[in-house]
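A short reminder: the numbers here are calculations on the coordinates, not readings from a lab. Quick caveat, the model's predicted, so the values are computed rather than measured. No Cβ is skipped: glycine too gets one built from the backbone with ideal geometry, and neighbour counts run over all protein chains shown.
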Amino acid sequence: MSYLEQKELEDTYVMHTFARKPVEFASGKGVRLYDSEGKEYLDFLAGVGCVALGHSNEAVSDAIAAQAHKLIQASNYYYAEGRGQLARDLSALLNTGNEQGAPWKLFFANSGAEANEGAIKLARKYGKLNLNGAGTVLSAKKSFHGRTLITTAATGQEVKQAGFAPMPAGFTHIEPNDIENLVQTIKVKAQDATDQNSPHLAPVAVLLECIQGEGGVCPMSQDYLKEVRALTKEKGMLLIIDEVQTGFYRTGLPFSFMHADIVPDVVTMAKAIANGLPFGAVAATGKAADIFEPGEHGTTFGGNSLQIAAARATLAEFANLDIGVHVQKVGAYFKEQLAQLPLVKEVRGKGLMLGIELQEPCAAQVVSEALERGMVLNYIGDNIVRFLPPLIITQTEIDACLAVLKELLEAR
Ligand SMILES: Cc1ncc(COP(=O)(O)O)c(C=O)c1O
């Protein structure tokens with residue numbers, strides 16, 4: 001079927017929730033994607049940060065194929081081969097650099113939004129049990145936490161909520177990187193909650209991305225994260241870190257909260273956990289780890305045998321490749337070189353989660369022109385170009401991207 005026939009079919013029968021770019025991808029290997037006419041592309045998006053080990057990674061594809069022939073789904077009503085080992089290994093990964101830390105317990109889900117939804121339910125139940133019924137979750141302006149109704153309400157972007165009123169209650173948006181704003185918000189919300197006529201519940205948790213991805217690659221300062229950790233601990237509130245985009249070495253360390261040397265209570269993850277297979281998880285430690293009772297939360301698919309096999313193979317590959325060291329090295333090079341490009345106002349991000357803010361609102365055009373030249377990039381808003389390449393990307397491939405960008409930006 002030709003690209004045009006595919007386009008017509010999709011446009012007719014698939015809901016228009018995405019403004020698709022004019023390419024039909026048919027296969028991929030490593031950092032390369034191939035369209036249905038065989039044209040090669042260098043992929044600097046990695047399926048929006050999912051395909052961390054590159055497309056069709058041998059070890060992961062072999063594990064998926066073998067498991068698909070053995071057992072895909074027997075349900076969460078039973079124990080599953082590998083599920084305990086995966087949870088144990090994720091617990092160890094979450095305690096990297098904090099090996100004496102308490103173990104983590106995992107709930108397996110199917111996506112980032114579902115993981116965040118689970119974390120928010122966990123926080124509300126935690127509030128009921130430990131904080132006199134507190135239930136409001138404080139998340140940041142410009143944040144992104146998913147597209148379910150609850151995670152849309154948590155997301156600090158009105159544009160994502162427009163048209164879907166009424167939003168579920170129980171969320172307040174704080175100013176990112178502003179500890180005074182958080183102190184005041186907690187105070188005001190806690191006071192409101194003592195008013196018998198107030199529908200507000202007191203604050204129970206702070207939900208944050210250490211680097212806001214969809215919000216424009218905007219990092220939280222390490223001091224801010226440390227202060228948020230100290231304040232939430234003092235108030236008995238939970239700190240939930242959304243690692244859906246930043247997790248699994250994207251920023252050079254297993255999880256981005258590790259750069260600030262803090263330990264959250266709850267961590268959500270998805271995207272790269274199984275190199276592109278839909279999978280996600282909520283991890284909780286300390287008091288937060290044993291909040292749910294049987295029957296209170298669940299999922300049909302989450303943590304099935306296929307997802308477990310893919311995730312275990314993915315984690316093993318990360319370790320075999322010592323991927324964090326590679327990401328730190330090539331990420332630092334990429335960031336430094338991006339800063340040299342014409343029209344670049346600012347380079348933001350860490351590791352291989354980078355964004356350039358351009359001096360002109362031309363990000364969409366630059367990304368379109370790059371696609372024509374075989375370079376898959378992404379833009380956010382009018383003037384931010386975002387880079388989330390597979391973590392196995394080499395300096396030579398980064399140089400190829402920089403050369404195209406330089407040409408396109410110089411021509412403007
Ligand atoms: C930080 C963050 N949280 C949550 C999500 C939602 O994940 P999903 O699309 O898998 O539901 C995303 C997706 O981009 C994200 O970047």
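Quick look at the numbers
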read-out	value
Extension gain from Tyr34 to Ala102, taking 0.36 nm per residue of separation minus the Cα-Cα distance	20.0 nm
Loop-located GluC sites (Glu not before Pro) in the stretch 26-69 whose Cβ has at most 16 other Cβ within 10 Å (DSSP)	Glu37
Proximal aspartates and glutamates to Lys226, defined as alpha-carbon separation beneath 18 angstrom and excluding residues fewer than eight positions away on the same chain	Glu175, Asp178, Glu180, Glu209, Glu234, Asp242, Glu243, Asp261, Asp265
Members of Lys21/Lys142; Lys125/Lys350; Lys125/Lys160; Lys121/Lys329; Lys141/Lys406; Lys189/Lys345 lying beyond 29 Å, as alpha-carbon distances in this model show	Lys125/Lys350; Lys121/Lys329; Lys141/Lys406; Lys189/Lys345
Projected label distance in nm at Leu371 and Glu158, using a 7 Å step from Cα toward the beta-carbon	3.0 nm
The stretch 208-280 and the stretch 48-109: distance between their alpha carbon centers, rounded to Å	19 Å
Loop sites in the stretch 250-351: GluC sites (Glu not before Pro), DSSP, at most 14 other Cβ within 10 Å	Glu296
Mean residue ellipticity (222 nm) of the chain, computed from DSSP H runs ≥ 4 via -39,500 (n - 2.57), nearest 500	-12000 deg cm²/dmol
Rel. contact order, % - alpha carbon contacts under 8 angstrom, at least six apart, the stretch 189-343	17 percent
Using a Förster distance of 45 Å, the FRET efficiency for Ala364-Ala59 (Cβ separation, nearest 0.05)	0.80
Within the chain: Cβ-based charge dipole about Cα centre, in debye rounded to nearest 20 (Lys, Arg +1; Asp, Glu -1)	880 debye
Residue (of Asn181, Ala193, Leu138) at the positive-pole extreme of the stretch 132-195, dipole from beta-carbon charges	Leu138
Extended-chain gain in nm, criterion 0.36 nm per residue less alpha-carbon gap, Lys406 and Asp261	48.6 nm
Length-normalised contact order for the chain - Cα pairs under 8 Å, 6+ apart - percent	22 percent
Chain lengthening between Lys187 and Thr300 when straightened (0.36 nm per residue, less Cα-Cα)	36.7 nm
Cut-off 13 Å between beta-carbons: net charge of the residues surrounding Arg412, Lys and Arg +1, Asp and Glu -1	-3
Calculated from backbone phi, Karplus (6.51, -1.76, 1.60) coupling profile of the stretch 189-194 in Hz, x at Gly/Pro	5, 5, 5, 3, 5, 7
Among Thr155, Thr17, Thr251: highest mean-square fluctuation, GNM of the chain, C-alpha pairs under 10 Å	Thr17
Highest average packing first - 239-246, 360-367, Cβ atoms within 10 Å	239-246, 360-367
Reciprocal mean inverse distance between Cα atoms of the chain - Kirkwood radius, Å	22.2 Å
Förster radius 35 Å - calculated FRET efficiency between Lys233 and Asn76 (Cβ-Cβ, nearest 0.05)	0.60
Estimated FRET transfer efficiency (Ala92, His69; beta-carbon r; R0 25 Å; 0.05)	0.30
Extreme residue, positive dipole direction of the stretch 11-75, given options Val14, Gly47, Leu71 (C-beta unit charges)	Leu71
Antiparallel bridges, percent of DSSP beta bridges restricted to the stretch 118-256 (to nearest 5)	15 percent
Per DSSP, loop chymotrypsin sites (Phe, Trp or Tyr not before Pro) in the stretch 159-236 with at most 14 further Cβ within 10 Å	Phe164
